[in-house]
Amino acid sequence: MVQSPAVHPEVRETARQIAEMETRGAATIADEAAAALGAQAAESDADDPEAFRTEMRTAARELHDTRPTAVSLPNALRYVLTGMEGESVAALKRSVERRVDEFRADLEDAQEQLGRIGAGRLRDGDVVMTHCHSTDALACVEAAVERGTEVEAVVKETRPRNQGHITAKRLRELGVPVTLIVDNAAHRYMDDVDHLLVGADSIAADGSVVNKIGTAGLAVSARDRGVPVMVAAQSIKLHPKTLTGGAVEIEERDDVEVITEDDRADIGEIEVANPAFDVTPPRHVDAIVTERGQFPPESVVVLMRELFGESVEEPWTE
Ligand code: RUB
């Protein structure tokens, strides 16, 4: 019987944390997944190069199969695995470790850079409305605050997981005044805000933005009120498969996030739907702010071609 290669406990634990949303948000997921591949490589006891490669692919698959929507995850795995090179296990290990370090450092630099670019859109006295918790979106506010720009925030709680609470906490740490609202109050507050500021899990070649469920309706509301919609997203959020007609899979999560089993039993026979993300069309987005500058959504495809070309490898499936 062929033994399947050992997956490092850190890979298994990282995969569990991503699947159960203890680790969440597209950039953080990518960062942790890359770190787990680093642990797999560093502590591998594979005795020949092919065994090492197989082990890395198996680990990457386990991480890949956790959540389907944030493209930063496959983009991170691809970056690490395509840089794996060498004739010996020792050389392969070094190449993976180098690639992981590079990826994680680039991620941090990109977020800082996009924060500086996004901050340029915020003026003294502006009020931003946020949805969910996005580290890329918060980087823009942080850079603005560092420049001395005074901003306030209307923070949507973001059912069913209330990631708005994390956003509110981070904003308070930055000294930003926060008004927390329930999701249903968003349209009521649209006249009081100057920007809708959100992150992204994936951006398609046509400029559509895939982000936390509720973003699409919020963007319609913002359009209705003339509020500009700003999407903060590092280039690892660009979904290369959409260049060749692939679709972004929208994750459907467990019913218990929406309703307790007791409440459900009390109501009687119902279906519960819990899609975690939705798609905002490019016509409802004003700017996608990346570390390479800000783009009207329709032209993000240019950056995508430059970064990925036309072919998209999936080295974990080989
Ligand atoms: C998080 C979410 C965030 C993006 C961007 O969803 O939709 O807006 O992931 O986050 P979930 P970041 O909580 O289900 O993972 O800017 O930190 O990458």
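Throughout, read-outs are computed from the coordinates displayed, never taken from laboratory work. Bear in mind that the values here come from a model prediction, so they are computed numbers and not experimental data. Counting neighbours? That spans all protein chains shown, and the Cβs are built from the backbone with ideal geometry, glycine included.
What ranking of 126, 47, 109 emerges when the number of other C-beta atoms within 10 Å of each C-beta is taken as an exposure proxy, fewest first?
Fewest-to-most ranking of 126, 47, 109: 47, 109, 126.
Please report, in debye to the nearest 20, how large the charge dipole of the chain is about its Cα centre when each Lys and Arg carries +1 at its beta carbon and each Asp and Glu carries -1 there.
Value, rounded to 20: 880 debye.
Starting from the amide H of residue 277, placed 1.01 Å from N in the peptide plane, find each other amide H under 5 Å away whose residue is 5 or more places distant or on another chain.
213, 251
In the chain, with Lys and Arg counted as +1 and Asp and Glu as -1 at Cβ, which of these residues, 295, 135, 167, has the Cα nearest the positive end of the dipole, that is, farthest along it?
Toward the positive end, the furthest listed residue is 295.
Under a Cβ-Cβ cut-off of 15 Å, what is the net charge of the residues other than residue 112 that fall near it, where Lys and Arg count +1 and Asp and Glu count -1?
Combined, the nearby Lys, Arg, Asp and Glu give -4.
Counting other beta carbons within 10 Å of each Cβ, put 280, 215 in order, fewest first.
Arranged by neighbour count, lowest to highest, 280, 215 become 280, 215.
What percent antiparallel are the DSSP beta bridges of the stretch 175-318, to the nearest 5?
Around 60 percent antiparallel, to the nearest 5.
Between residue 306 and residue 270, with labels modelled 7 Å along Cα→Cβ, what's the label distance in nm to one decimal, could you check?
4.9 nm
Out of 200, 115, 177, whose Cα points farthest toward the positive end of the dipole of the stretch 114-308 (charges: +1 Lys, Arg; -1 Asp, Glu; placed on Cβ)?
Result: 115, furthest along the dipole toward the positive end.
Considering Cα pairs under 8 angstrom that are at least six residues apart, work out the relative contact order of the stretch 114-308 and quote it in whole percent.
Relative contact order for the stretch 114-308 comes out at 23 percent.
Starting at 0 and stepping by 10 Å, how many percent of the alpha carbon pairs of the stretch 114-308 end up in each bin?
9, 35, 34, 16, 4, 0
Give the total of Lys-Lys pairs in the chain with Cα-Cα distances below 23 Å; include a pair only if its members are 8 or more places apart or on different chains.
Close lysine pairs under the 23 Å cut-off: 6.
Which order results if 195, 64 are arranged by neighbouring Cβ count within 10 Å, fewest first?
In increasing order of surrounding Cβ atoms, one gets 64, 195.
Using R₀ = 25 Å, calculate the FRET efficiency as 1/(1 + (r/R₀)^6) where r is the Cβ-Cβ separation of residue 95 and residue 43; round to 0.05.
Values: r = 16 Å, r/R0 = 0.63.
Efficiency, rounded to the nearest 0.05: 0.95.
Name the residue farthest towards the positive end of the dipole of the stretch 114-308 from the options 190, 230, 275, assuming +1 on Cβ of Lys and Arg, -1 on Cβ of Asp and Glu, about the Cα centre.
The listed residue farthest towards the positive side: 230.
Using a basic spin-label model with each label point 7 Å from the Cα along Cα→Cβ, how many nm lie between residue 105 and residue 279?
Result for the modelled spin labels: 3.8 nm.
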